[in-house]
Amino acid sequence: MMLAVKKIAFAYRDTSLLKSIDLSVEKGELLVIVGPNGAGKSTLLSLLAKEIPPQEGKIEFKGKALSQWNDMALARHKAKFSQEHNPRIGLLVKDIVLMGRYPYFGSVPSEKDLDIVDEVMKKTDVFTFKNRPYNSLSGGEKQRVHLARVLAQLQNNHTEKLAFFDEPLNNLDVRHQHHILEEIKSFVKLGNAALVVLHDLNLAAEFADKVLLMKKGTIAAYGKPEHIFTVEIIKKAYDFPCAVCPNPITKKPLIVFGKKIHSSLLQL
């Protein structure tokens, strides 16, 4: 078991943000977390990435309590992409990506570190502007730079690595959205695991091995996409009408939202 979560809970002041969350992630698995705004998705990711401690319950990573992991050792086994970045970073693109290699060298990066930086920049399509100032980039380009940084951090000899991605597709065009998810999927297929927060249910249906649907800090549904993405479950979670039908190409669930959807269409 890569990650095991048992009855975790978290509250801020008098507001409960997470309640009795149970889940598990195996190696080779891509878990996509979805749900309406305020469902607790980002808070859950922060707890699982050891950024904040749970107030109740247990989190185990590779059979060991997450709280017992040394931060430096943990940095070689897991990495997180977050939406919160300093908007004004006075560095070049390649220097931002090199930050992902900090757990592996002291004052000077090795040739291997530099090669890895080049490799992940090519994968995320930022290599051509590696010498440009980070602040000169568009929002989508900055997004891909930080994705490259996360991938650089996870390029090592350790097996069964774990990656967290909090809304990694914001500001990306459709080509780069699919490309990034394909890269994450390739990473997972190597025997690693990833947890990804998405808003696009159709992308979740296409790429996820499992889906965790959250609402108001609780698990509304958890399982394979075809079991989660049904009209009844989606309408209850989002309080909005939808239709679900098979994708004509992949046969995965295809979700369409709209108030004018005829009731006869609301079936898989």
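FYI, it's all coordinate maths here, none of it is from the lab. Given the structure is predicted, the values throughout are model-derived calculations rather than measurements. A quick note on method: Cβ atoms are made from the backbone with ideal geometry, for glycine too, and the neighbour counts reach across all protein chains shown.
In summary, the helical segments of the chain meeting the span-like criteria, namely a full DSSP H run, a Cα extent along the axis of 20 angstrom or more and a mean Kyte-Doolittle hydropathy of at least -1.0, are 139-153, 174-189. Going from the residue with the fewest nearby Cβ atoms within 10 Å to the one with the most, 219, 234, 261 rank 261, 219, 234. Note on residue 224: aspartates and glutamates with a C-alpha under 19 Å away, same-chain residues under 8 apart excluded, are 22, 26, 29, 182, 200, 206, 209, 232.
Note on residue 14 and residue 64: the extension gain reaches 14.9 nm, defined as 0.36 nm multiplied by sequence separation minus the Cα-Cα distance.
Which of 24, 186, 107 moves the most in a Gaussian network model of the chain with Cα springs under 10 Å? Largest GNM mean-square fluctuation: 107. Helix-only arithmetic for the chain: the sum of -39500 (n - 2.57) across DSSP H runs with n ≥ 4, divided by the residue total, places the mean residue ellipticity at 222 nm at -8500 deg cm²/dmol.
Dividing the mean sequence gap of close Cα pairs (under 8 Å, 6+ apart) by how many residues the chain holds gives a relative contact order of 24 percent.
Which lysines, if any, have their Cα less than 20 Å from the Cα of residue 260, not counting same-chain residues under 8 positions apart? Answer for residue 260, where 20 Å is the Cα cut-off: 235, 236, listed by chain and number. For region 190-268 and region 72-121, what is the separation of their C-alpha centers, rounded to whole Å? One Cα centre to the other: 34 Å.
If R0 equals 30 Å, the separation of the Cβ atoms of residue 239 and residue 185 corresponds to a calculated FRET efficiency of about 0.45.
For the cross-link pairs 27/130; 80/189; 7/142; 80/112, the ones whose C-alpha atoms lie over 29 Å apart are 27/130; 7/142. For region 83-152, applying the loop criterion from DSSP together with a ceiling of 11 other beta carbons within 10 Å to the trypsin sites (Lys or Arg not before Pro) yields 88.
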